[in-house]
Amino acid sequence: MPQPTLTELEPGLVQITMPLPWALDHVHCYALAGRDGWTLVDAGLGSDATLRWWTQALAQLGPEPVARLLLTHYHPDHVGASAGLAELSGAPEVVQGRLDRAMAVAAWEQGSDDEFEGYLRDHGMPAALAAASTRAESRTGVRLASPTRLVDEGDRVVMGDEAFRVLHLPGHADGHIALLGETSGRLLGGDVLLDEITPNVGRWPDTARDPLGRYLATLQRLSELAPRRVYPGHGPVIDDAPSRAREIAAHHDERLDAAAAALEEGAETAYDAAQLIWRDEPLGFHEQRFALVEAISHLERLTETGRAREPGPRRWRPALA
Ligand SMILES: [Zn+2]
């Protein structure tokens, strides 16, 4: 039976790994010990199972109270269980990025499935697939905790007796925040930098234009900041953030070339481009939507850099054709 795993990565910092029912089979949350109690970072997917696992995890952490819950970004594997966890833990403080909170409300409390299905279709996805893809993902069970404090770039949050600086690092999500320890140099990074997999950089209906441009700037900033260690939302801890940031940037350079080649081959929509970009690794049902929104990001970046043009809404051509 799936279980949460608690791993003390350094004194007072516990990684709490929750199973996910996806190809990406886990998400890491964190607990930092402090004089005022635990700070929890991220909440996991909104499901009864996650809240059962949190009951176990909180018991294992011990009798100290939970002082606050901090949310890195509004994706369902990070905020889904946040309302339940805030209730379960009694956390008096809930901290979230200001833009991220607005996006979370728009996505989970106001968003509509019809709008999303139309978006997929407009980008060239066949109607039956767009309908099935929308239906399959609409029940994510997200229940949002109400933040007591909204933070912006440069704000300070004390967690585990250390002052952390709030960094706004958009790309994977427009409002994504990460927390940089001012004395330790450790970064609680959410999904801004991952090892072994690359964070999805998707242009979703609620994403501002050209998320890849913002993400490449985020990677540049991370390589300059050079945090001592990155504690990520998925996969292994990252000890050499600058070189991982450069690897991911190089990966996107290759994908940009592949997207440009897809346009040369005659793709005009993001859906057609995605089928060509990923032709060697056929996309499963669940992957189709992620490939589509990532292809949009690459095509928009090509337009921004003069390598493609947009003859009409959601249509692309090579720059010189
Ligand atoms: Zn994630």
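The values are calculated or read from the model by the stated rules, or taken from the named source; none is laboratory data. For clarity, every value in this text was computed on a predicted model and none was experimentally measured. Because the Cβ atoms are built from the backbone with ideal geometry, glycine has one as well, and the counts that use them run over all protein chains shown.
Observations on the structure shown:
- Counting only strands (runs of 3 or more DSSP E) that fall entirely inside the range 130-216 and contain at least 1 residues that are out of contact with any helix residue (DSSP H, G or I) (no Cβ under 7 Å at 6 or more places or on another chain) and within 16 Å of the ligand (Cβ to nearest atom), the qualifying elements are 177-181, 186-190.
- If you go through the range 189-206 and keep only what is under 12 Å from Pro170 (Cβ atoms) and among the acidic types (Asp, Glu), you end up with just Asp191.
- Screening Leu69 on (1) within 16 Å of the ligand (Cβ to nearest atom); (2) in contact (Cβ under 8 Å) with a residue 60 or more places away in the chain shows it passes everything except condition (1).
- Members of the range 11-39 found to be of a type in the set (A, V, I, L, M), under 26 Å from Thr198 (Cβ atoms) and touching a Leu at 6+ places or on another chain (Cβ under 9 Å), listed by number: Leu13, Ile16, Met18, Leu20, Val27
- Residues considered: Tyr119, Tyr74. Of these, the only one that is hydroxyl-bearing (Ser, Thr, Tyr), closer than 27 Å to His168 by Cβ and not in a helix (DSSP H, G or I) is Tyr74.
- Cβ pairs under 8 Å, 6+ apart, first in the range 199-218 and touching a residue at least 60 places away in the same chain (Cβ under 8 Å) and small (Gly, Ala, Ser), second outside any loop (DSSP other than H, G, I, E, B) and within 16 Å of the ligand (Cβ to nearest atom): Gly202/Pro211; Gly202/Phe290; Gly202/Val293; Gly202/Glu294
- Test: residue in the range 298-306 that is part of a loop (DSSP other than H, G, I, E, B) and farther than 30 Å from Thr5 by Cα: yes
- Lone qualifier among Asp25, Asp42, Asp48, Asp36 - being acidic (Asp, Glu), within 16 Å of the ligand (Cβ to nearest atom) and either modelled with pLDDT of 95 or more or under 14 Å from Gly84 (Cβ atoms) (or both): Asp42
- Where a residue in the range 167-188 is at negative phi and its partner, wherever it lies, is of a type in the set (Gly, Ala, Ser) and surrounded by fewer than 23 Cβ atoms within 10 Å (Cβ to Cβ), with Cβ under 6 Å and at least six apart: Asp174/Ala208; Glu182/Ala163
- Residue check for Met1: over 17 Å from Asp191 (Cα atoms) and either within 15 Å of the ligand (Cβ to nearest atom) or of a type outside the set (Lys, Arg) (or both): yes
- If you go through the range 86-116 and pick out every residue that is over 17 Å from Ile177 (Cα atoms) and within 16 Å of the ligand (Cβ to nearest atom), you end up with 2.
- Sole exception among (1) at negative phi; (2) out of contact with any helix residue (DSSP H, G or I) (no Cβ under 7 Å at 6 or more places or on another chain); (3) at pLDDT below 95 for Glu117, by number: (2)
- Residue list for the range 224-234, restricted to those being part of a loop (DSSP other than H, G, I, E, B) and either of a type in the set (Val, Ile, Thr) or away from the ligand (no atom under 16 Å from the Cβ) (or both): Ala226, Pro227, Arg228
- Subset of the range 174-221 that is in contact with a Gly (Cβ under 9 Å, 6 or more places away or on another chain) and of a type in the set (Gly, Ala, Ser) - its residue that is farthest from Ser133 (Cα to Cα): Gly181
- Qualifying residue in the range 235-250 (condition: within 21 Å of Ile296 (Cα to Cα), part of a helix (DSSP H, G or I) and touching a residue at least 12 places away in the same chain (Cβ under 8 Å)): yes
- Search result, residues across the range 296-313 that are touching a Leu at 6+ places or on another chain (Cβ under 9 Å) and touching a residue at least 60 places away in the same chain (Cβ under 8 Å): Ser297, His298, Glu300, Arg301, Glu304
- Tabulated pairs, the range 32-43, first crowded, with 24+ Cβ neighbours inside 10 Å, second acidic (Asp, Glu), C-beta under 7 angstrom, 6+ apart or interchain: Trp38/Glu64
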